[in-house]
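Chemist: The structure under discussion is supplied below as structure tokens; questions concerning it will follow.
The values are calculated or read from the model by the stated rules, or taken from the named source; none is laboratory data. Values in this document were obtained by computation on a predicted structure and should not be read as measured data. Note: ideal-geometry Cβ built from the backbone for every residue, glycine included; neighbour counts use all protein chains shown. Accessible surface is based on the protein model in full, side chains and every heavy atom, while ligands, DNA and RNA are left aside. Shrake-Rupley method; radii C 1.70, N 1.55, O 1.52, S 1.80 Å.
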Amino acid sequence: MSAPEMTPNAKPILEICDLGKSFGSVRVLHDISLKVMPSQVVVIIGPSGSGKSTLLRCCNCLEIPQQGSITICDKDIVTDGVVLPEKELNALRMHVGMVFQSFNLFPHLTVLDNVAVGPRRLRGMKKADAEDLARAQLAKVGLAERADAYPAQLSGGQKQRVAIARALAMEPRVMLFDEPTSALDPELVGEVLQVMKALASEGMTMIVVTHEMGFARDVADEVLVMDGTVIEHGKPEEIFSNPQHPRTQSFLQSIL
Ligand code: ADP
Ligand code: MG
């Protein structure tokens, strides 16, 4: 358990209570409850179609769950399908950084502008201040020298590091990663995981959907196994060495 969790009055950064989500008549998430404390790293694993992406997307209301509630920094963003008014929702969304499998960079903007555009447009920062912030975040992901490049000139690993810098430029309270290395050639996975490890060790609160078991073992405080709901959770060594649920066992066998 990391230090901030032991602080008696620490409040969760993100709390999910009894969440349920359907698409039409198909129920994809049910009875999910989760508390993520400051500086905690939660890794989510589970088979394709088990609802991992949908759960992350619910956390900033890219999808609206019909049941249960999600609380971010002590504020309910959605309760039983009722979402906060747009303005408040957008303010809270800024606390939640998101990194996707496909980097989603703006192709027509330089690396620097990709990172600075959020602070300028959404946080109302002046151009020079937003660019200073963007340069600092690019330095953090090891890409200070590529500020003037365009996304097409970068490798996949570099693009994903820009996407991480872009999310960090909003100074979020929690970072959500949805299979951030799945689209990368194997030799580029390490540089992205390295950046994520550094973030975790600086105390960033993170939820990471990944099948990189080495990363989970090194960094995760807790691993959740999903299959429509959380079928099992525990320390990485418990889940990987001694999985209890038959579906965890077969899933782990399938990815080894
Ligand atoms: P995972 O990320 O674990 O692979 P997803 O959250 O993407 O799983 O999907 C969970 C289930 O929800 C799947 O059966 C998927 O087909 C379904 N689903 C996801 N998004 C939508 C959508 N927008 N409309 C209808 N069904 C969806
Ligand atoms: Mg997914």
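Chemist: Which of the residues spanning region 96-114 are open to solvent by less than 40 Å² (accessible area, probe 1.4 Å) and within 16 Å of ligand 1 (Cβ to nearest atom)?
Modeler: M98, V99
Chemist: Among the residues of region 241-256, count how many are of a type in the set (S, T, N, Q), open to solvent by 90 Å² or more (accessible area, probe 1.4 Å) and over 16 Å from V223 (Cα atoms).
Modeler: 1
Chemist: If you don't mind, another one. Residues to consider are S69, S53; find the one that is open to solvent by 10 Å² or more (accessible area, probe 1.4 Å), over 25 Å from K159 (Cα atoms) and of a type in the set (S, T, Y).
Modeler: None of the others qualify; the one that does is S69.
Chemist: I44: at pLDDT 95 or above, part of a strand (DSSP E or B), within 17 Å of F177 (Cβ to Cβ) and within 16 Å of ligand 1 (Cβ to nearest atom), yes or no?
Modeler: yes
Chemist: Hey, among V82, V26, V36, which residue is in contact (Cβ under 8 Å) with a residue 60 or more places away in the chain and either under 21 Å from L224 (Cβ atoms) or open to solvent by 50 Å² or more (accessible area, probe 1.4 Å) (or both)?
Modeler: Unique residue meeting the criteria: V36.
Chemist: Condition first: without any contact (Cβ under 8 Å) to a residue 24 or more places away in the chain, closer than 21 Å to L34 by Cα and surrounded by fewer than 18 Cβ atoms within 10 Å (Cβ to Cβ). Can you find one or more residues in region 199-207 that meet it?
Modeler: Checked against the condition, which is being without any contact (Cβ under 8 Å) to a residue 24 or more places away in the chain, closer than 21 Å to L34 by Cα and surrounded by fewer than 18 Cβ atoms within 10 Å (Cβ to Cβ), region 199-207 yields no hits at all.
Chemist: Take L122 and tell me if it is of a type in the set (A, V, I, L, M, F, W, C) and open to solvent by 60 Å² or more (accessible area, probe 1.4 Å).
Modeler: Yes; evaluated as a whole, the condition is true for this residue.
Chemist: Is it true that some residue in region 220-235 is more than 25 Å from R161 (Cβ to Cβ), assigned to a helix (DSSP H, G or I) and over 16 Å from the mean Cα position of the chain (by Cα)?
Modeler: Checked region 220-235: no residue is more than 25 Å from R161 (Cβ to Cβ), assigned to a helix (DSSP H, G or I) and over 16 Å from the mean Cα position of the chain (by Cα).
Chemist: Could I ask something else about it? Restricting to region 41-66, and then to whatever is in contact with a helix residue (DSSP H, G or I) (Cβ under 9 Å, 6 or more places away or on another chain) and within 18 Å of R173 (Cβ to Cβ), can you tell me which residue is nearest to ligand 2 (Cβ to nearest atom)?
Modeler: Here the residue is L62.
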